[in-house]
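Reviewing the structure listed below.
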Amino acid sequence: MIEFERISRNITRVRFDKPDFKMAVLSDLHWDNPKCNRDLLKAHLDYCVEHDIPVFLNGDVFCLMQGKGDKRGNKSDVRPEHSFNNYFDSIVKTAVEWFTPYAHIIKLIGYGNHETSVLRHQETDIISRVVDILNYKCNSNIIAGGYGGWIWFTYNNQEVKKSIRMKYFHGSGGGGAVTKGAINLTRALTMYQADIFTMGHIHENASRTDAKEVLHTEGNVPEVRHSYIHSMITGTYKDEYVDGYGGWHIERGAPVKILGGRILNINISRKKINKIKKTIAHVDSCQFPII
């Protein structure tokens, strides 16, 4: 049993009752851009369907840069099916058609800077429109989240309970060619009291786990413990490098990017620590086995 429930506009609760829980975290699909590797995206979503893995899309699902008056516009970045006066409407319509087979596994969609830019300048909310239509058409229950927010995982199986907190943030700034987002993750450690942190935006694909010493007090008994936070950056599905011939990505000296999202793994177990049985949550993530 896995249930997603909206608690507030940017807090989602996920209930699960099996000790091995997986959730796919994808971002920066840029689905409407001709450079989006839709074959890879489809393969990853098909993998989630096959293995019954819920999906969270953490912003920049769409590119949306070819609207009227957008200075970033480039005619070569418009797909033929979107080359109309009703540009944004055509993206909504075709996106609903394309994502319909996956509506039952997509549970949460957040905003990225591309969606919020269109909301500010074009006064249309692409995310809420796609979510509303998919839910109506497919009888699904996709939740529209925020640019940043929280996912509260709660494991409950008979007498064993465990709570895990994940902070999500689409991202900001640019990822350096050397640091590859490591500074972003270190900054998050100082900003959020979480067990998991995830971001996209900079088109990198990596993870790491950091540890802290904490003083735990329960029943007036102090105990030194170690707390862990697993941080991950999810990659893009937009292949801007291709063969390195040219374009904005090449001209600014950006490297080849690892395409694809990540699969979050939460494993719940019972262990004896100082002769006391405790519920432990081991958290990790990995790239998709399909590249």
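The values are calculated or read from the model by the stated rules, or taken from the named source; none is laboratory data. Just so it is clear, the model here is predicted, and its values are computed rather than measured. Glycine gets a Cβ as well: all are built from the backbone with ideal geometry, and neighbour counts include every protein chain shown. These area figures cover heavy atoms from the full protein model, side chains too; ligands, DNA and RNA do not enter into them. Shrake-Rupley method; radii C 1.70, N 1.55, O 1.52, S 1.80 Å.
Annotations for the structure displayed:
- Other residues whose C-beta falls under 9 angstrom from the C-beta of P34 contribute a net charge of 0, scoring Lys and Arg +1 and Asp and Glu -1.
- The trypsin sites (Lys or Arg not before Pro) of the range 17-88 that meet both conditions, a loop assignment by DSSP and at most 10 other Cβ atoms within 10 Å of the site Cβ, are K68, K71.
- Bins of 10 Å, starting at 0 and running to the largest distance - Cα pair percent for the chain: 6, 27, 34, 21, 8, 3, 1
- In the range 114-203, Cα pairs under 8 Å separated by at least six residues give a relative contact order of 22 percent.
- Using a probe of 1.4 angstrom and keeping all protein chains present, the accessible surface of the range 1-152 works out to 47 square angstrom per residue.
- Each of Q122 and D70 was given a label point 7 Å from its Cα along the Cα-to-Cβ line. The distance between the two points is 0.5 nm.
- In this structure, E159 and E3 have a Cβ-Cβ separation that, at R0 = 25 Å, corresponds to a calculated FRET efficiency of about 0.80.
- Chymotrypsin sites (Phe, Trp or Tyr not before Pro) within the range 16-102: DSSP coil, no more than 12 neighbouring Cβ in 10 Å: F84
- Distance in nm between pseudo-label sites at I280 and K212 (7 Å out along the Cβ direction from Cα): 2.1 nm
- Listed pairs K107/K272; K75/K180; K107/K137; K180/K238 exceeding 25 Å between Cα atoms: K107/K272; K75/K180
- Top of T236, T154, T186 by mean-square fluctuation, Gaussian network on the chain, Cα under 10 Å: T186
- Helix-only [θ]222 nm of the chain, DSSP H runs n ≥ 4, -39500 (n - 2.57) each, per residue, nearest 500: -6500 deg cm²/dmol
- Cα centroids of the range 252-291 and the range 99-162: 22 Å apart.
- In plain terms, the chain from N265 to W248 could stretch by 2.6 nm, reckoned as 0.36 nm per residue minus the Cα-Cα distance.
- Gaussian network model of the chain, Cα within-10 Å springs - most flexible of S207, S140, S76: S76
- Taking the chain and dividing mean pair separation by its residue count, relative contact order in percent (alpha carbons under 8 Å, at least six apart): 21 percent
- Dipole magnitude (debye, nearest 20) for the chain, charges at Cβ of Lys, Arg, Asp, Glu: 920 debye
- Listed residues Q122, Q66, Q158, most fluctuating in the chain (Gaussian network, C-alpha, under 10 Å): Q158
- When the Cα positions of H249, L264, Y228 are compared along the charge dipole of the range 223-291, Y228 comes out farthest toward the positive end, with charges on each C-beta of Lys, Arg, Asp and Glu.
- Cα-centred dipole magnitude for the range 199-244, charges only on beta-carbon of K, R (+1) and D, E (-1), debye, nearest 20: 160 debye
- Expressed to the nearest 5 percent, the antiparallel share of DSSP beta bridges inside the chain is 65 percent.
- Each Cα pair under 8 Å and six or more residues apart adds its separation to the average, and for the range 163-263 the resulting relative contact order is 27 percent.
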